[in-house]
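J.: Structure below; questions to follow.
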Amino acid sequence: MDYKKFYDKYGAFNMQLDKISEPSYTVTYAWAKTKRRLESLLLSEITSRLTSKKELKIADIGCGDGSLLIHMAMAVDSKALVTFEGYDLSDSFVEFGNFAADAKKVCDRVSFSVFNLENDTLNDEKFDVIVMSEVLEHLTDQRESLTRIYNALRPGGVLLLSTPNSRNMIKYPLYPLKKIFKRGNDAQISKKLTQSEETFVLAEEEQHLHVFYHGELRNLIKKVGFKGVTFYRSSLVFGGPLLDKWRLFFAFLLTLDVVLDWLNAYTFGWDIVLKAQKPVKRT
Ligand SMILES: C[S@@+](CC[C@H](N)C(=O)[O-])C[C@H]1O[C@@H](n2cnc3c(N)ncnc32)[C@H](O)[C@@H]1O
């Protein structure tokens, strides 16, 4: 599979054709909850680190349309020493991101480049915070990619990551069957599970090569060298056409979601959202 070609098409689809799709308010709720969480974590990392005199460098790997970094640059004082770099495999997304940064008048602080995390090199110890949202599941060698990110962080730097949760019974209802009908490797099974999503047209082919659950990802992140992994809650459900119709049931799930937020029951969520820190001193 030529991933570069695929994500160029995926980016173009998202920037042009997807705009005419009927929006699903339940999917919007789920996505927005993860995105707002990452944005607020990123904003608090920036504000807590701004006290020092050195320039802060923030990256978003697999940044898609670049909206997260553009929102951040608009939220942070323009005189603050912070620069934002977005990287993505898709030419269409990168072109759109640079256009949007220009239109929003933040292009002096925000830039986007075409980049393949699995082949291209990031400078060592360059960034204070790296965000990677909904990308890990698309990569062929997750451990190697996380190691590249680890190396690109300055000591004490932070990774903010989101990726689907394979143990979410609602988004991946086939999960219990995995144990009974275990055929093929995890990548093939994850792909089968992901194909049960019907919400996206093109994302169906999007190749979720491996979908993690919390404990599995915590172990991998620790093996790479990160310390202090903290998980956060995402929406209980991913949403979709059925939930859009069943409004009362969705209202019930929203109430449950608030209770689960209160209990910080992060394993009950369609997405894994986490923050992990690179130790200040290497161990
Ligand atoms: C599901 S989208 C997520 C986009 C954005 N981060 C968000 O949360 O809205 C996955 C993104 O990862 C990018 N991507 C996939 N493989 C990549 C790679 N090897 N290097 C860099 N970006 C990659 C795709 O082009 C796509 O924009």
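J.: List pairs: first in the range 215-237 and on the phi > 0 side of the Ramachandran plot and free of Cβ contacts under 8 Å to residues at least 60 places away in the same chain, second among the hydrophobic types (A, V, I, L, M, F, W, C) and not in a loop (DSSP other than H, G, I, E, B), Cβ under 8 Å, 6+ apart or cross-chain?
T.: Partner pairs satisfying both residue conditions: Gly228/Ala276.
J.: Moving on to the next point. Which of the residues that make up the range 213-243 are at pLDDT below 90 and over 18 Å from Ile149 (Cα atoms)? Give the steps one after another, and end with the answer.
T.: Of all residues in the range 213-243, those at pLDDT below 90 come to 228, 237-243.
Passing the criteria: Val237, Phe238, Gly239, Gly240, Pro241, Leu242, Leu243.
J.: Given the conditions (1) at pLDDT 95 or above; (2) surrounded by fewer than 20 Cβ atoms within 10 Å (Cβ to Cβ), which single one is not true for Tyr25?
T.: Of the numbered conditions (1) at pLDDT 95 or above; (2) surrounded by fewer than 20 Cβ atoms within 10 Å (Cβ to Cβ), the odd one out for Tyr25 is (1).
J.: Restricting the search to the range 83-96, which residues are more than 10 Å from the ligand (Cβ to nearest atom), out of contact with any helix residue (DSSP H, G or I) (no Cβ under 7 Å at 6 or more places or on another chain) and under 17 Å from Tyr7 (Cβ atoms)? Spell out the reasoning first.
T.: In the first step, residues of the range 83-96 are kept if they are more than 10 Å from the ligand (Cβ to nearest atom); the result is 83-85, 95-96.
Of the ones still in play, those that are also out of contact with any helix residue (DSSP H, G or I) (no Cβ under 7 Å at 6 or more places or on another chain) are 83, 85, 95.
Answer for the range 83-96, where residues must be more than 10 Å from the ligand (Cβ to nearest atom), out of contact with any helix residue (DSSP H, G or I) (no Cβ under 7 Å at 6 or more places or on another chain) and under 17 Å from Tyr7 (Cβ atoms): just Glu95.
J.: Look at Arg37 and say whether it is within 13 Å of the ligand (Cβ to nearest atom) and farther than 24 Å from Tyr7 by Cα. Working first, answer last.
T.: Values: within 13 Å of the ligand (Cβ to nearest atom): yes; farther than 24 Å from Tyr7 by Cα: yes.
Taking the combined requirement at face value, the residue satisfies it.
J.: Then there is this: Residues of the range 30-45 being at pLDDT 95 or above and surrounded by 17 or more Cβ atoms within 10 Å (Cβ to Cβ), which ones?
T.: Within the range 30-45, Lys33, Thr34, Lys35, Arg37, Leu38, Glu39, Leu41, Leu42, Glu45 qualify.
Matching residues to (1) in contact with a strand residue (DSSP E or B) (Cβ under 6 Å, 6 or more places away or on another chain); (2) surrounded by 13 or more Cβ atoms within 10 Å (Cβ to Cβ); (3) assigned to a loop (DSSP other than H, G, I, E, B); (4) among the β-branched types (Val, Ile, Thr):
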residue	(1), (2), (3), (4)
Arg218	yes, yes, no, no
Ser234	yes, yes, yes, no
Leu243	no, yes, no, no
Leu253	no, yes, no, no
Asp257	no, yes, no, no
Lys281	no, no, yes, no
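J.: So, of the residues in the range 112-139 that are assigned to a loop (DSSP other than H, G, I, E, B) and in contact (Cβ under 8 Å) with a residue 40 or more places away in the chain, which turns out to be farthest from Lys57 (Cα to Cα)?
T.: My answer is Leu139.
J.: Still on this structure, I have one more. Report whether or not Glu206 is at pLDDT below 85 and either surrounded by 13 or more Cβ atoms within 10 Å (Cβ to Cβ) or closer than 22 Å to Asn151 by Cα (or both).
T.: On the way: at pLDDT below 85: yes; either surrounded by 13 or more Cβ atoms within 10 Å (Cβ to Cβ) or closer than 22 Å to Asn151 by Cα (or both): yes.
Considered against the rule, which asks whether it is at pLDDT below 85 and either surrounded by 13 or more Cβ atoms within 10 Å (Cβ to Cβ) or closer than 22 Å to Asn151 by Cα (or both), Glu206 comes out as yes.
For every residue, the table says whether it meets (1) in contact with a Lys or Arg (Cβ under 9 Å, 6 or more places away or on another chain); (2) among the acidic types (Asp, Glu); (3) in a helix (DSSP H, G or I); (4) more than 21 Å from Gln277 (Cβ to Cβ).
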| position | (1), (2), (3), (4) |
| --- | --- |
| Gly11 | no, no, yes, yes |
| Glu22 | no, yes, no, yes |
| Trp31 | no, no, yes, yes |
| Lys35 | no, no, yes, yes |
| Leu42 | no, no, yes, no |
| Cys63 | no, no, no, yes |
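J.: Looking at Asp102, Asp65 in this structure, which one is more than 9 Å from the ligand (Cβ to nearest atom) and surrounded by fewer than 22 Cβ atoms within 10 Å (Cβ to Cβ)?
T.: Working: Asp65 fails: more than 9 Å from the ligand (Cβ to nearest atom).
None of the other options fit; the residue is Asp102.
J.: To continue, here is another question. For the condition over 20 Å from the mean Cα position of the chain (by Cα) and not in a strand (DSSP E or B), what is the one hit in Ala73, Ala80? Outline the logic, then answer.
T.: Values: Ala73 fails: over 20 Å from the mean Cα position of the chain (by Cα).
After applying the criteria, what remains is Ala80.
J.: Still on this structure, please answer the following. Yes or no: the range 263-274 includes at least one residue that is assigned to a helix (DSSP H, G or I), in contact with a Leu (Cβ under 7 Å, 6 or more places away or on another chain) and at pLDDT 95 or above.
T.: Going residue by residue through the range 263-274, those that are assigned to a helix (DSSP H, G or I) are 263.
Now narrow it down to the ones that are in contact with a Leu (Cβ under 7 Å, 6 or more places away or on another chain): none.
For the range 263-274, residues assigned to a helix (DSSP H, G or I), in contact with a Leu (Cβ under 7 Å, 6 or more places away or on another chain) and at pLDDT 95 or above: absent.
J.: List the number of the failed condition for Glu55; all other conditions in (1) under 17 Å from Val135 (Cα atoms); (2) without any contact (Cβ under 8 Å) to a residue 40 or more places away in the chain hold.
T.: (1)
The values are calculated or read from the model by the stated rules, or taken from the named source; none is laboratory data. Keep in mind that what you see is a predicted model, and the values were worked out from it rather than measured. Here the Cβ is made from the backbone with ideal geometry for all residues, glycine too, and neighbour counts use every protein chain on show.
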